[in-house]
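For reference, the structure discussed in these notes is given below.
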Amino acid sequence: MAFSSTLSPPSYSCFSNNVDSISKKTFLFSQSSSKLSFLNRSSISRLGCVSNGVRTRSLRGRVFASIAEAVSLPKGDMWSIHKFGGTCVGTSERIQKVAQIIVNDSSEGKVVVVSAMSKVTDMMYNLINKAQSRDDSYIAALDDVLEKHKLTAHELLEGNDLLKFISRLHDDIGNLKAMLRAIYIAGHATESFSDFVAGHGELWSAQILSAVVRKLGVDCNWMDTREVIIVNPTSANQVDPDLEVSENSLEEWYSKNPSKTIIATGFIASTPKKIPTTLKRDGSDFSAAIMGALFRARQVTIWTDVDGVYSADPRKVSEAVILNTLSYQEAWEMSYFGANVLHPRTIIPVMRYDIPIVIRNIFNLSAPGTIICRPTADENGDSQGMSSIVKGFATIDNLALVNVEGTGMAGVPGTASEIFGTVKDVGANVIMISQASSEHSVCFAVPENEVKAVADALESRFRQALGAGRLSKVEVIPNCSILAAVGQKMASTPGVSATLFNALAKANINIRAIAQGCSEYNITVVLKREDCIRALRAVHSRFYLSKTTIAMGIVGPGLIGATLLDQLRDQAAVLKEKFNIDLRVMGITGSKKMVLSDLGIDLSRWREELKEKAEEANMEKFTQHVHGNHFIPNTALVDCTADEKIASHYLDWLRKGIHVITPNKKANSGPLKQYLKLRALQRQSYTHYFYEATVGAGLPIISTLRGLLETGDKILRVEGIFSGTLSYIFNNFIEDRAFSEVVTEAKNAGYTEPDPRDDLSGMDVARKVIILARESGLRLELSDIQVDSLVPEPLKSSASAEEFLRRLPEFDQEIAKKRLDAEAAGEVLRYVGVVDAVQNKGFVELRRYKKEHPFAQLSGSDNIIAFTTTRYKEEQPLIVRGPGAGAEVTAGGIFCDLLRLASYLGAPS
């Protein structure tokens, strides 16, 4: 047999007869082998300069040794495996990029596993479906497949390589037409026929890529892995590779096709009877892992279109991060639960030989990717935070929970076996199982499209037990999703489950079922499908300390609301950068118009947006919009009004899991029954209701009172000047100034309500007194508070604020007399509210204080509150003092409540 034409004459022309004889015997190739590899050529070249007849015996030994080295498959770290998916080889430009990556790899040996070009496998299965449906359009569809590959070949190849590929392509298309015609006639495609047709995309992409690599100056062979990878079908529509038989096949293939660069087909394989088959789902990744095991490679690199494995689906969690490393078990768990990692089967072959898998992005070569390997003792030890313990989160949607329950199950052997045997007979896939230790109930999750068959089968199987009452029900809970937290260090770290469940509770998410193996590689919870994305974001935020994002709705963009929006605008960047807090305003509504945003309103121009994009105000639509954004786990509505109608929504908002923050006093000072219901709901849930600014604006009055009570102190009396307006009036009602003059001045300065009677009536102070009384444990109605009104009786019915102010001087003399009497006694007038916890009462009145008393030493619109308790005696009470009126301080108090909420929801303190 003559040598391949790829060998130049000088390589073998000067061989002696003996050498030539040896060569003819040794380099005997099968007809499928068209040339010698560079290993053979280099061996011959080294021998070609030996003169005839000289050192023949010695030379023969060297020839045999060289040939043995060339055709025997070396294994180990010299080999690297690369796998390129359909997206990577989807166009001629991308194929060229893949070829360049192969050329640039400095590994001594390279095996490159390729998928079919993008969408081609789908096209091949479509051909099968059309043919077995007796749809003649399969012929035109096959022509489309032909044209796609011809066009790609013409763009990439030339000369002999192009002619050879086109010839092979036409031969393959001819065979496929015959196969599809047979399927068309039979109206049915066997699995073997389908696998044969579907696997051609890989054959063509491997041949094209190998030709492009050779064009770049690297000698390589392409491998039809049906000749090498031998698999055994299983009952679960999967296949198991027979690594021992496959190793023998590889040795045989390599002896005929030795090369240091091999382009191999992914996805396809053969049965032990040499019948073509496929590796089923994610078959190309599986092929690469099998090749890694067969070659004992240094590593397997899976090239894809993402930078690596994310801590969560980045389409659902924008703050998801690329994981540097994952253990085999972690990758296994995450892929099982739907994460875009690898199919669990892919990990098995490489895990056997501790071969790492690297996930890299072909479109971002600078990204190092994610390494999947066996962790060392200090692996993942960069940080001891929660993110190094829980590596990632994954979800599975479209599930239903089946609950089989009954007292007759407890202690009865074989009940679980019968349940799951019935499920197996139906052919349903059980995703997770949860059983109470009492055996009173067993619940498990199955795909929603299989649940009816499962439920029907269980009811049929246990009809007698259901009738006799041993089983109480077979219940189906639809519209569920699974959330799984995965991490190998979870097993040795206390508190992981508590942190997970706490994060879900704070996002107001209910858990329907829980499963956790003793290995603690994962904790799995079943949730309502509608809560899944919020749950994912909530737990990811808690473990990774990503931005604590709160979707906010601002109700009432008046003076206080506008000031708050401006404060949020000025502080937003600092909160994100330093505190990982993202307060995102999704909507602003007034009484007549509102503006909504899906991503968050630009607070630098919220006034313009409220004018330009406003729509008619609708509180139901507003609430649904702000709370309905499932991409943000936490929602807060901020009521900056004094509207009783808005306050009536609080109970419904809290029930829906919406946090409420407000300076509006109407809810907490309204009917006692409603107040108690509101507080009970808030305490029973993880939904927060903050109202610090209802008393004292930005002063910490409510929090101080709660702190005293929570530490075991007992409130005896709370007394204070609670109105910044009335504080200003009486601080300036001195010397010869008339009371009406000071009130008018306060009105013009913006300290009073539009109608000063709202301040002078004392009802605002009374509402603050009732709030503090209820916080102290007193069950009082607003009507129980005795109020000394400063509005003269004849002026209460004045038609307008203007008329009231015009007539107020008529009554200056009466209040002036009170001031003069106080001054004569060395005292001052102050309008105060009092909670008397000992006498179980509250009142609001104009009182006199000595000039050395703290209440007499205020200035401007300051508030002052004195707490008398069992610890803080009457002679030295606990005093809180500061500005208690004005938009800036009130908005600041609301802002503090927002930051407190963020802290409770997981933001770092």
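Please label the shape of the stretch 631-692 as rounded, prolate or oblate, based on the square roots a ≥ b ≥ c of the eigenvalues of the alpha-carbon gyration tensor (a/c under 1.5 means rounded; beyond that, a/b larger than b/c means prolate, else oblate). Oblate. Near LYS119, which aspartates and glutamates are there with a Cα under 17 Å away, not counting those fewer than 8 places off in the same chain? List returned: GLU93, ASP143, ASP144, GLU147, ASP195, GLU202, ASP282, ASP285, ASP305. Distance between the 7 Å Cα→Cβ label points at LYS119 and ASN479: 3.6 nm. Compactness of the stretch 595-641 is given as radius of gyration and Dmax, 11.3, 29 Å, from Cα positions. In the frame of its principal axes, the stretch 539-693 has Cα extents of 42, 40, 26 Å, reported largest first. Model label points for LYS817 and SER783, set 7 angstrom from Cα along the Cα-to-Cβ axis, are 3.3 nm apart. The calculated FRET efficiency for the pair ASP77 and LEU163, based on their C-beta separation and a Förster distance of 35 Å, comes to about 0.35. Rounded to the nearest 10 degrees, the angle from helix 92-104 to the longest Cα principal axis of the chain is 80 degrees. Computed over the alpha carbons of the stretch 146-262, Rg followed by Dmax gives 16.7, 48 Å. Packing order of peptides 589-600, 848-859, 688-699, highest average first: 688-699, 589-600, 848-859 (average count of other Cβ atoms within 10 Å over each peptide's residues).
Here the relative contact order of the stretch 490-625, from alpha carbon pairs under 8 Å that lie six or more residues apart, stands at 18 percent.
With protein chains left intact and a 1.4 Å probe, residues in the stretch 462-609 average 42 Å² of accessible area per residue. For the stretch 413-455, the equivalent ellipsoid derived from the Cα gyration tensor has semi-axes of 19, 12, 7 Å, listed largest first.
The order of LYS747, LYS645, LYS528, LYS613 by accessible area, most exposed first and with a 1.4 Å probe, is LYS645, LYS613, LYS528, LYS747.
Of the listed residues TRP253, TRP222, the order by accessible area with a 1.4 Å probe, largest first, is TRP222, TRP253. Output the pairs from LYS850/LYS873; LYS645/LYS818; LYS578/LYS621; LYS851/LYS873; LYS391/LYS576 with a Cα-Cα distance over 27 Å in this structure; if there are none, say none. Pairs exceeding the cut-off: LYS645/LYS818; LYS578/LYS621. Among VAL539, ILE560, ILE523, whose Cα projects farthest towards the positive end of the dipole of the stretch 516-576, with charges put on the beta-carbon of Lys, Arg (+1) and Asp, Glu (-1)? Checked the options; the winner is ILE523. Cross-linked pairs LYS506/LYS592; LYS506/LYS528; LYS83/LYS260; LYS150/LYS280: Cα-Cα separations exceed 24 Å for LYS506/LYS592; LYS150/LYS280. Beta bridges from DSSP with both residues in the chain: antiparallel share about 60 percent, rounded to the nearest 5. Helix 200-215 against the longest principal axis of the chain: what's the angle in degrees, Cα atoms only, rounded to the nearest 10? Tilt of helix 200-215: around 80 degrees. Excluding same-chain neighbours fewer than eight residues apart, the aspartates and glutamates reachable from LYS424 by a Cα-Cα span under 17 Å are GLU448, GLU450, ASP456, GLU459. Binning all Cα-Cα separations of the stretch 720-790 at 5 Å, short to long from zero, yields these whole-percent fractions: 3, 16, 25, 20, 15, 10, 6, 3, 1. Pairs of C-alpha atoms in the chain farther apart than 41 Å represent 57 percent of all such pairs. Of the DSSP beta bridges with both residues in the stretch 275-372, give the percent that are antiparallel, rounding to the nearest 5. Close to 35 percent. For helix 559-579, what angle does its Cα long axis make with the longest principal axis of the chain, in degrees from 0 to 90 and rounded to 10? The angle comes out at about 40 degrees. Between SER192 and ILE139, the FRET efficiency estimated from the beta carbon spacing at R0 = 30 angstrom works out to 0.85. Using a 1.4 Å probe over the heavy atoms of the protein chains, calculate the carbon and sulfur portion of the accessible area of the chain as a whole percent. Using a 1.4 Å probe with all protein chains present, the chain comes out at 49 percent carbon and sulfur. GLU814 sits with roughly 120 Å² accessible to a 1.4 Å probe, with DNA, RNA and ligands left out of the calculation.
The values are calculated or read from the model by the stated rules, or taken from the named source; none is laboratory data. Everything numeric in this text was worked out from a predicted model, so none of it was measured. No Cβ is skipped: glycine too gets one built from the backbone with ideal geometry, and neighbour counts run over all protein chains shown. For the accessible areas, the whole protein counts, side chains as well, though only heavy atoms, and no ligand, DNA or RNA atoms are used. Shrake-Rupley method; radii C 1.70, N 1.55, O 1.52, S 1.80 Å.
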